[in-house]
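The values are calculated or read from the model by the stated rules, or taken from the named source; none is laboratory data. Not measured: the values here are computed from a predicted model. Note that we place each Cβ from the backbone using ideal geometry, even for glycine, and neighbour counts take in every protein chain shown.
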Amino acid sequence: MGLLCLLLYCKSVFAQISDSETEILLEFYEKTNGSEWTNSWNLSESPDKWYGITIVDGKLTRLDLFGNNLEGNIPESIGKLKNLTHLNLAFNSLTGLFPKDIVNLSKLKTLKIEMNRIKGALPEAIGKMESLEEFTAFNNFLSGVLPGSLGDIKKLRILNLSSNNLNGLIPKSLGSLENLESLGLFENALEGAIPSEMGRLSKLKELVLANNQLGGAIPVEFGQLASLRVLQLQNNNFDSFKNLEFMETKGLLAFDYDEKSLKNDFKIINATKTRMADTKFEDDDNDH
């Protein structure tokens, strides 16, 4: 059955969501090789019976296809699913560019696309996603700089862009993310000094900046990160770790650094040095 025939059929049968949402879902199914998904959709059934779909009051609110053998590109039309609050496409084989129109999903709270092969730059307009609380895109092929508008997403709690090809400076605007609890930028090509503004992140519990090309000194403002429990700084080009003396390190559960460089600054730090296992493949979203 062709896509046009499916649309005409769905128009009369799938009344619980709009024609436009049905059309977008069918395009998504086609573009990501839906017939080969681990849990495929029976297109003769209504969308409320399709795997990974949540419909509330006639509106599509969740699309959760975690680890479902998706292949191909995410179509730009995904940005028209205006009622989505949760989009999880992690742990698949998606390719192509990061869809720039995804920034139009102003109600989206969770965006998870980690462990795919998505490339391209993050759109500068990503700051429009004002409801976003969790954005994880680690282990892809994203490139370009970190958009300064990320700092406009004030509700953001989790941001993990580790293991990509991101370059340039860490934007000072990240210091405006007052609700941020976890920041992962591990294994990119970020350079320059860590912005002192990051010392404002009073709720930050996990900061992973290892395996980049960051330089300069650790900001003295790190002494204000009272909630920090995990800090990984190793394999960068820092000139000095001396300002870590101003941190209260007793509460650190994991502290990873370049031991030789650190000893050049001071002999004793009030923390147990722990070499963590690589956690970049974890996905702690229990409601996939």
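Going by the structure shown, is residue 188 closer than 30 Å to residue 85 by Cα, touching a residue at least 12 places away in the same chain (Cβ under 8 Å) and surrounded by fewer than 17 Cβ atoms within 10 Å (Cβ to Cβ)? The answer is no for residue 188. Among residues of region 235-255 that are assigned to a strand (DSSP E or B), those with a Cβ under 7 angstrom from a residue that is charged (D, E, K, R) and surrounded by 15 or more Cβ atoms within 10 Å (Cβ to Cβ), sequence gap 6+ or separate chain, pair up as 240/265. Does region 84-122 hold any residues that are within 17 Å of residue 61 (Cα to Cα) and not assigned by TED's automatic domain parsing to the domain that holds residue 55, and which are they? Hits for region 84-122: nothing passes. From the list 153, 170, the lone residue that is of a type in the set (A, V, I, L, M), in contact with a strand residue (DSSP E or B) (Cβ under 7 Å, 6 or more places away or on another chain) and assigned by TED's automatic domain parsing to the domain that holds residue 214 is 170.
For residue 179, the conditions (1) surrounded by fewer than 22 Cβ atoms within 10 Å (Cβ to Cβ); (2) assigned to a helix (DSSP H, G or I) are fulfilled apart from (2). When the residues of region 247-268 are narrowed to those that are hydrophobic (A, V, I, L, M, F, W, C) and at pLDDT 80 or above, which ends up surrounded by the fewest Cβ atoms within 10 Å (Cβ to Cβ)? Here the answer is 254. Residues that are crowded, with 22+ Cβ neighbours inside 10 Å and touching a helix residue (DSSP H, G or I) at 6+ places or on another chain (Cβ under 9 Å): does region 145-152 have at least one? Checked against the condition, which is being crowded, with 22+ Cβ neighbours inside 10 Å and touching a helix residue (DSSP H, G or I) at 6+ places or on another chain (Cβ under 9 Å), region 145-152 yields at least one hit. Taking region 206-233 as the range and being outside any strand (DSSP E or B) and surrounded by 17 or more Cβ atoms within 10 Å (Cβ to Cβ) as the test, the residues that pass are 209, 210, 211, 212, 218, 219, 221, 222, 224, 225, 228, 233. Tallying residues that are more than 20 Å from residue 205 (Cβ to Cβ) and surrounded by fewer than 22 Cβ atoms within 10 Å (Cβ to Cβ) within region 153-165 yields 1.
Note on region 82-96: among residues that are farther than 14 Å from residue 107 by Cα and among the aliphatic types (A, V, I, L, M), the one that is surrounded by the fewest Cβ atoms within 10 Å (Cβ to Cβ) is 94.
If you go through region 70-88 and keep only what is farther than 10 Å from residue 102 by Cβ and either in a loop (DSSP other than H, G, I, E, B) or in contact with a His (Cβ under 7 Å, 6 or more places away or on another chain) (or both), you end up with 70, 75, 82, 83, 85, 88. Checking residue 78 against (1) under 17 Å from residue 24 (Cβ atoms); (2) touching a Gly at 6+ places or on another chain (Cβ under 9 Å); (3) among the hydrophobic types (A, V, I, L, M, F, W, C), which test does it fail? It fails just one condition, (2). Scanning region 109-122 finds no residues that are touching a Lys or Arg at 6+ places or on another chain (Cβ under 7 Å), of a type outside the set (S, T, N, Q), surrounded by fewer than 21 Cβ atoms within 10 Å (Cβ to Cβ) and at pLDDT 95 or above. Checked across region 145-156, the condition of being under 22 Å from residue 120 (Cβ atoms) and in a strand (DSSP E or B) holds for at least one residue.
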